[in-house]
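Coordinate-derived values only; no laboratory data. Given the structure is predicted, the values throughout are model-derived calculations rather than measurements. Don't worry about glycine lacking a Cβ; one is built from the backbone with ideal geometry, like all the others, and counts go over all protein chains shown.
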Amino acid sequence: MSEKNLGSVMVIGGGIAGLTAAWDLSRFGIEVHLVEKTSFLGGHAIQFCCKATDECQQCGACTVEKMLNNVIDEPKIKTHLRTEIEKVHHNGRFTVTVNVGPKYIDQAKCTSCGICLEKCPVEGALQRGYSKNNIPLYAIYEDKCLFVKDKSCTVCQDTCPEGAIVLNTTGSSDELEVDAVILAAGFQPFDAQEKPGYGYGEFNNVITGLDLERLIRENGLGISTPDGKIPQKVAFIQCVGSRDERLGNLWCSQVCCPYALRMSEAIKHKNPDTEIAVFYMDVQNTGNNFPTFYEKVKSDLRLIRIIPSDIYSTEDNKLCLQYMGEDDGLPVKEEFDLVVLSVGIMPGSDNKTLSELLGINLDEDGFFLCLDEINKSLTSKDGIFIAGTSQGPKSITASMAHAGQAACEAMKYLGVNE
Amino acid sequence: MIENKNANMEEIEICTDVLVIGGGFAGTKAASEIAELGYKVLLIEKGPGIGNPKELPGTLLGLSKGEDKALKGLVDKVTSSDHIEVYTQTDLISTTGVPGDFSVRVSKGPDIIEHKVGAIVVATEFSLEALHEKYELNLAANVLTQSQMEEILASEKDRKKILETGPKDVAFLVGFCQEGNPLVMERVMRSVLAISETEGCNAYVCAGDIKVASDSLERMYRDGREKGVVYFKPNEIPKITQDGEVLGIVFDDPIMRRDIKLAPDLLVVEEAISADQMNQKVAELLRIDLGPWGFLQNDNVHLFPVHSNREGIFVVGSSREVQGLPWAWVDVENVALEVKDLLGDGKKTVPKDKAVVDRGKCVICLTCYRCCPHGAIYWDTKAIISPVACQGCGICASECPNNAIQIGGFNDVQIVEEIKRHIESGNGDLRLIVFCCENSGFEAWQMAKAFNMQLPAGLSVIKVPCAGKIDIHYIMTSFVKGADGVLVLACHNGNCKSEKGNTRAELRAGEAQRLLEETGFEKDRLDFVTIASNMGSEFSSVVVNMEERIKELGLNPLRNRS
């Protein structure tokens, strides 16, 4: 059976938007080069946990797992891990020069047994992906690995029963020719240390929403404080990094109210004795069912309409929040066992570089600018489309829908429908 | 693998025309996009025109003047397209059939038009409801709805007459009589910005929660305040007095910590943006589920963005959630992909054995027709399952009282053989059979294995396409053949791809527990648990706890006899 050559598309970024765009294109026979700079597909969203109580709360985390599964099974999608864009030449088609980092673990040989992780002497030098669908499941992190530093350790290579690890490996450079580009480079979570008053990194029981997602994904909903106790009192602080004039971040991240409220409900469901307070400015909606959901939230959680600015640690390792009391306006000091900072969605760390390489502009907030007010996947350059949080804050489901739009636009550009 | 499957595949012809219901922006745009794919489109609209049939204000749609023109261009394109037939003042009367072969009837005045279509796209609009009555206010020259205010701002003449004839204080009320959403907030923000730019006018907003979870709204909120708009966020609905020309608003301001009294010249009351009242009728006619708050989509992530619970019937724009134009456009392009994927070139290759009805056993009791969550079943002299519509969940097969339906790859004989094989060949002493929905429990098991999480030695997993396919017979057979414990793992409520497969599984597990007790077995040997694909650690703890429980109960007493 001879197939018409429908063209090829490069998708930059292997998070949920990139995965979805790649899969949507492949469904129609289009070749996709999926380029991801880290060692794992799935981006931030693959690190998120299920937030169901008895009921699914529609967070969408499970759909990321499913989409990743689709992509790794799809022969039309060629995945390029540890790959970064070096140069883009646009002359009708796009000729993209990419840098490929060393691949120390041979995915064909790796059986995901995990012995390398068990034996690695340096924390963080060898890490496991968040999903069973990450292939290979393990990766070596150069900033920590002793072999990369001074060739002083080869434990993983020596103990791998399959001989899948070769530490003496170098990266390479490659050139890929494609007809269109979908930019799905994602976001970076707000660095909570930029708000020093919260003591993130200083107090081990101050964590971010993303930390909590990872913890629950790894260990389940029976969360504990770093000293191993079930937290009796948990506080969520909203808008950490978002809606912050002082930082110049004039946007709502759109996902933090939903994730904080859903996680609070899930924790409360698992351990009804845990008291949860949510400090907020304005509650944002979670979906169609929000009015009903919000009634439940109000009966299960304490919602306090103020954002505390400082956290102190007490002698018995609790956290003290000071805020203005809602009834009398007098300062209240309240202790918590765990404080979760609802960090927001910031423009991707590579946005500036990518905008220069691709010749497309960023908006005043640092996200990619869309050409058209109504069609948010078009850029100022023909053949380059945007998907997901590259364009601005989005939930998992919104990113997926936006990626579908980008895929559809790319197909029109390729003339697939003619 | 693909080659093996080919033997069981057949090619069928399907109709590639598409019905689009609703001629608002989303419907008109959908018709245009789908026609560009080469399909013929029938676009029906209840009102007299398309594009913006409800004559919604441009500000509500988020349209600037240039975009308004683009909308007109779209309408012209659709009206003149030889791929699109537009029927205005037209209602849907009935639909029958299955994807690829729907028969639809629509009425235009006294005329009834019948049409075959392969797919249906629902693009009803949202409804606006003025909420002044909820605030116990009467509309008057000085008490306006949000839409009325927008009309004034849009008309040079009215704007001069009403706003510029003297200093005016304009107060807005929003978010006290409904939860609201960013689109409601955006309208208010656009209006107050325009008012604050009018000489001598001041704008005040009394708001519940400021819904800014949309692109550029936080910036618009800031811009307004910089231009002098004052936002108050009282914790309770303000006390409002309306006495002819004299208006009063009193509330306790949580920031100033005192009562604030406003005496505005004009009061603008919020409007709710909610689901179209037509949706219920459309849902009945199309046999699709009506979701929360009257929108045409269940709250189920597997359906997002544009699927309904029936294959071949899609929902876009505000028919499924409150959407402004940008997100309606996103939906439209997604539906174009789905329609193309479904209809292709009119030839579809489908498995012959996805769900097979034994015509000798079927007595057309129509249990299957009623329980199929995908509306995939119809009948002539026997039940027929559409291979295009069928999602292979197997709920019908498990519910059929005559055992007349078998699912390809998961037929009863195969599954019973698998149960026997597992019990006979398991490792270790204890036999724990876990029936897993392939979308959740099975994936969670794979994750637990890949991550080297603790799993009992005697664990055997049996994959089913949906928990709704786990028959009581499978559970009881497991015990009869010597299983010491059985777990049924289903998706969480609201996450089942077949909507209610999980609740059916739960009911059956309850029934099986009752049977166990009646036969003198401990019912604790069986449990039903909901789980998601990304819950490897929960999978591990669920099966480990079950192993502990069984150890306390002892091995299955039937084991030695079998």
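Take the alpha carbon atoms of the range B:226-248, find their center, do the same for the range B:479-532, and report the distance between the two centers in whole angstrom. Cα centres, the range B:226-248 to the range B:479-532: 56 Å. Remark: mean inter-chain Cβ contacts per residue of A:284-296 equal 5, using a 10 Å Cβ-Cβ cutoff to other protein chain atoms.
If R0 is taken as 56 Å, the Cβ-Cβ distance between B:ARG222 and B:ARG559 corresponds to a FRET efficiency of 0.20. Taken as Cα centroids, the range A:339-414 and the range B:377-427 sit 44 Å apart, rounded to the nearest whole angstrom. If the segment from B:SER107 to B:ALA457 were pulled out straight at 0.36 nm per residue, it would be longer than the present Cα-Cα gap by 119.5 nm. When you filter the GluC sites (Glu not before Pro) in the range B:159-191 for DSSP loop state and at most 14 other Cβ atoms inside 10 Å of their Cβ, you are left with B:GLU164. On a C-alpha basis, how far is the centre of the range A:136-154 from the centre of the range A:16-77 in Å? Whole number, if you could? The range A:136-154 and the range A:16-77 have Cα centres separated by 28 Å.
Qualifying trypsin sites (Lys or Arg not before Pro) in the range A:244-304, where qualification requires a DSSP coil assignment and no more than 12 other C-beta atoms within 10 Å, comprise A:ARG246. Comparing the protein assembly as shown with the 2.2 N^0.38 Å rule of thumb, its C-alpha radius of gyration ratio is 0.98 (two decimals). The helix-only estimate of mean residue ellipticity at 222 nm for chain B, built from DSSP H runs of length n ≥ 4 each weighted as -39500 (n - 2.57), is -9500 deg cm²/dmol after division by the residue total.
A Stokes-Einstein calculation at 10 °C with viscosity 1.306 mPa s, built on the Kirkwood radius of chain A over Cα pairs, returns a diffusion coefficient of 69 µm²/s. For GluC sites (Glu not before Pro), the sites in the range A:213-306 that DSSP calls loop and that have at most 11 other Cβ atoms within 10 Å are A:GLU245.
Across chain B, the convex hull enclosing all Cα atoms gives 210 Å³ per residue. Measuring gaps between exposed loop sites in chain B (trypsin sites (Lys or Arg not before Pro); DSSP loop; at most 10 other Cβ atoms within 10 Å), the longest gap, sites not included, is B:258-560. Computed 3J(HN,Hα) for the range A:345-360, one whole-Hz value per residue from the Karplus formula 6.51 cos²θ - 1.76 cosθ + 1.60 where θ = phi - 60°, is 8, 10, x, x, 5, 9, 3, 5, 4, 5, 5, 6, 5, 8, x, 10, glycine and proline marked x. Our estimate of slack between B:HIS473 and B:LYS420, defined as 0.36 nm per intervening residue step minus the Cα-Cα distance, is 17.8 nm. Given R0 = 22 Å, the distance between the Cβ atoms of B:ASN403 and B:GLU11 translates into a calculated FRET efficiency of 0.15.
When the alpha-carbon atoms of the range B:129-273 are used, the pair Rg, Dmax equals 14.0, 41 angstrom.
Derived from the Cα gyration tensor, the three semi-axes of the equivalent ellipsoid of the range B:375-421 are 23, 12, 8 Å, largest first. Each of A:SER299, A:THR274, A:PRO331 was scored by the projection of its Cα onto the charge dipole of the range A:190-345, and the greatest displacement toward the positive side belongs to A:SER299; charges sit on the C-beta of Lys, Arg, Asp and Glu. Residues within the reach of a label modelled at B:LYS77 (point 7 angstrom out along Cα to beta-carbon, backbone nitrogen below 16 Å), restricted to the range B:330-365, are B:330-337. Shielding by partners for peptide B:400-412, expressed as the average number of C-beta atoms from other protein chains within 10 Å of each residue's C-beta, is 0.
Which FRET efficiency, nearest 0.05, do A:THR170 and B:THR96 yield, Cβ-Cβ r, R0 56 Å? Efficiency, from the Cβ-Cβ distance: 0.30. Averaged over peptide A:402-408, the number of partner chain Cβ atoms lying within 10 Å of each residue's Cβ comes to 6.
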